[in-house]
Amino acid sequence: MPQSTLQQFYIPEEQSVYLLSHHDARKLKDWVALCQAQLTQLGYQGIELIGKGAYGFVFAGSTVNQGITAHYVFKFSRITLPTHLQERLEEEAFMLDQVSHPRIPGLIAYQRSRGQSILVMERAPGWNLEQVSLKQGRLSPRLIVRIAAQLADILLALRRESGPQARPVVHGDIKPSNLVYDIVHESIALIDWGSSVFAQLDAQLQFVGANVMELMSDNLQQTNARLGDVYFIGEEQLNGALSSPRFDEQGTAGTLYALASAQSCRFGHRAIPASSLGLPMEFARTLDGMLDPDPQVRRTAGDYFLANMARMARVVMIDLPESVKVPLVPVWARPARQEIDTVVYSSRKAFLREATAQETLNDVNDVQLDRYYKQFMQGWEKPRKPFWHRSAGWANIRW
């Protein structure tokens with residue numbers, strides 16, 4: 001496939017189109033149209049902008065080769081980012097190249113030219129589970145167990161010392177929005193490897209090293225882990241422990257609990273345990289154990305989850321009809337011919353800047369400010385954190 005001319009693309013500064021002037025909004029829309037036209041000229045079809053964030057933009061497209069349609073994702077870094085942040089895309093490509101699994105979309109190509117980094121990957125069919133959860137609410141126990149079995153299979157593959165480096169890999173950011181769900185086959189795919197690293201410790205918390213000199217190096221005295229999403233990662237990753245496959249067990253537990261409870265975070269499990277969500281009791285108790293405050297209980301439950309999830313998934317389950325829930329807040333519904341546009345005005349950065357000493361945040365790049373969320377939630381009781389997530393997280397204005 002022709003990859004050489006992908007270097008022509010340029011990523012502008014991020015800004016909501018609704019907050020731009022008419023002229024700037026037109027320029028942004030024209031730029032997106034230009035990207036779609038250029039990718040079309042390269043032979044790709046169905047080009048669309050499927051995501052954007054602090055580090056770059058993501059497009060999707062497909063090609064037809066000998067009657068077979070192949071779907072791809074094009075991830076572009078922002079050319080205005082500092083070099084050390086643009087290199088994150090290259091690191092993501094390297095880590096993605098280390099893993100091979102049917103439920104992990106593979107790397108196609110990576111290149112960097114004129115300050116622009118481009119990552120081309122396979123595209124998994126479906127929608128991410130965060131979108132599915134927002135539309136459907138709580139997922140059925142049968143579907144939760146099916147998703148859990150697939151996640152356990154992925155975790156077992158990642159912790160095996162295989163691949164070019166023969167070391168366990170930590171994804172570091174397992175959450176609903178990083179799991180693409182194919183509704184036809186009820187299968188998932190794990191995406192977004194920007195937080196992945198090689199594990200410093202194995203599942204038994206022993207050092208992973210090739211020789212004595214490596215074990216004595218300073219690199220094993222400080223963590224190489226990246227933060228991930230603070231609403232799903234576990235205590236060890238949040239507090240800067242050495243990276244291990246246990247990190248992904250915690251991300252998996254937080255994800256499964258969020259999907260089963262429709263809370264969009266892991267923090268409500270002490271007020272509403274998994275055993276109260278209608279899940280199979282063995283699976284629910286395992287999930288509660290993986291979310292337990294005691295590290296030893298979490299590790300024991302994680303081992304049980306990986307060893308027995310394939311068996312638990314073979315239990316025959318059906319989707320039982322649910323009673324209609326009467327909302328406590330008055331709700332009016334009307335038919336809509338098209339999707340309503342949504343603008344998200346984030347208040348968290350402004351809130352943190354106003355509520356803390358200025359000198360601690362003045363020199364922090366906005367791209368990196370998400371790392372500081374953990375400093376403001378440490379010491380909080382778990383039931384208080386989901387309230388913060390809901391009330392101070394953002395405000396949606398829809399029209």
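What are the pairs, 6+ residues apart or on separate chains, where a residue within the range 118-138 that is of a type in the set (A, V, I, L, M) has its Cβ under 6 Å from a residue that is not in a strand (DSSP E or B)?
Final answer for the pair search is Ile118/Leu6; Leu119/Leu89; Leu119/Ala93; Met121/Pro105; Ala124/Pro105; Leu129/Pro176.
Taking the condition of being farther than 30 Å from His84 by Cβ and either in a strand (DSSP E or B) or touching a strand residue (DSSP E or B) at 6+ places or on another chain (Cβ under 7 Å) (or both), how many residues in the range 49-68 meet it?
Selection size over the range 49-68: 5.
Does any residue of the range 181-192 turn out to be of a type in the set (Gly, Ala, Ser) and under 17 Å from Val99 (Cα atoms)?
Yes, the range 181-192 contains at least one residue that is of a type in the set (Gly, Ala, Ser) and under 17 Å from Val99 (Cα atoms).
Residues checked against (1) under 30 Å from Ser140 (Cβ atoms); (2) in contact with a Ser or Thr (Cβ under 6 Å, 6 or more places away or on another chain); (3) modelled with pLDDT of 95 or more; (4) crowded, with 22+ Cβ neighbours inside 10 Å:
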site: Gln165; (1), (2), (3), (4): no, no, no, no
site: Tyr181; (1), (2), (3), (4): yes, no, yes, yes
site: Ala210; (1), (2), (3), (4): no, no, no, no
site: Ile233; (1), (2), (3), (4): yes, no, no, yes
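Here are some conditions: (1) modelled with pLDDT under 95; (2) surrounded by 21 or more Cβ atoms within 10 Å (Cβ to Cβ). Val120 meets all but one. Which one does it not meet?
So Val120 meets the others, but not (2).
Taking the stated definitions as given, is Leu205 of a type outside the set (Gly, Ala, Ser), surrounded by 13 or more Cβ atoms within 10 Å (Cβ to Cβ) and at pLDDT below 95?
yes
Are any of the residues in the range 265-273 small (Gly, Ala, Ser) and surrounded by 24 or more Cβ atoms within 10 Å (Cβ to Cβ)?
No, the conditions are met nowhere in the range 265-273.
Between a first residue in the range 172-184 that is in the same structural domain as Gln263 (by TED's automatic domain parsing) and a second residue that is part of a strand (DSSP E or B) and among the aromatic types (Phe, Trp, Tyr), which pairs have beta carbons less than 8 Å apart while being 6 or more apart in sequence or on different chains?
Val180/Trp127; Tyr181/Trp127; Ile183/Trp127
Within the range 241-249, identify whether any single residue is in contact with an Asp or Glu (Cβ under 6 Å, 6 or more places away or on another chain) and of a type outside the set (D, E, K, R), and answer yes or no.
Taking every residue of the range 241-249 in turn, none turns out to be in contact with an Asp or Glu (Cβ under 6 Å, 6 or more places away or on another chain) and of a type outside the set (D, E, K, R).
Out of Ala148, Ala152, I need the residue that is within 17 Å of Gly302 (Cα to Cα), surrounded by 23 or more Cβ atoms within 10 Å (Cβ to Cβ) and not assigned by TED's automatic domain parsing to the domain that holds Asp97. Which one?
Ala148
State which residue pairs qualify: first residue free of Cβ contacts under 8 Å to residues at least 60 places away in the same chain and inside the range 259-280, second residue not in a helix (DSSP H, G or I) in any location, beta carbons under 8 Å apart, and separation of 6 or more residues or different chains.
Pairs that qualify, where the first residue is free of Cβ contacts under 8 Å to residues at least 60 places away in the same chain and the partner is not in a helix (DSSP H, G or I), are Arg266/Tyr231; Arg266/Phe232; Arg266/Leu291; Ile272/Gln263; Ala274/Leu291.
Which one of the conditions (1) of a type in the set (Ser, Thr, Tyr); (2) surrounded by fewer than 20 Cβ atoms within 10 Å (Cβ to Cβ); (3) under 18 Å from the mean Cα position of the chain (by Cα) does Ser133 fail to meet, given that it meets all the rest?
Every condition holds for Ser133 apart from (2).
I'd like the residue in the range 281-294 that is without any contact (Cβ under 8 Å) to a residue 12 or more places away in the chain and hydrophobic (A, V, I, L, M, F, W, C) and, out of all such residues, is farthest from Ala258 (Cα to Cα).
Ranking the candidates gives Met281 first.
When you go through (1) touching a Pro at 6+ places or on another chain (Cβ under 9 Å); (2) surrounded by 22 or more Cβ atoms within 10 Å (Cβ to Cβ) one by one for Pro141, which number turns out not to apply?
(2)
How many residues does the range 25-48 hold that are surrounded by 14 or more Cβ atoms within 10 Å (Cβ to Cβ) and at pLDDT 70 or above?
Residues flagged as surrounded by 14 or more Cβ atoms within 10 Å (Cβ to Cβ) and at pLDDT 70 or above within the range 25-48 amount to 9.
The values are calculated or read from the model by the stated rules, or taken from the named source; none is laboratory data. The structure presented is a predicted model; accordingly, all values stated were derived computationally and were not measured. Using ideal geometry, Cβ is built from the backbone for each residue, glycine included, and neighbour counts are taken over all protein chains shown.
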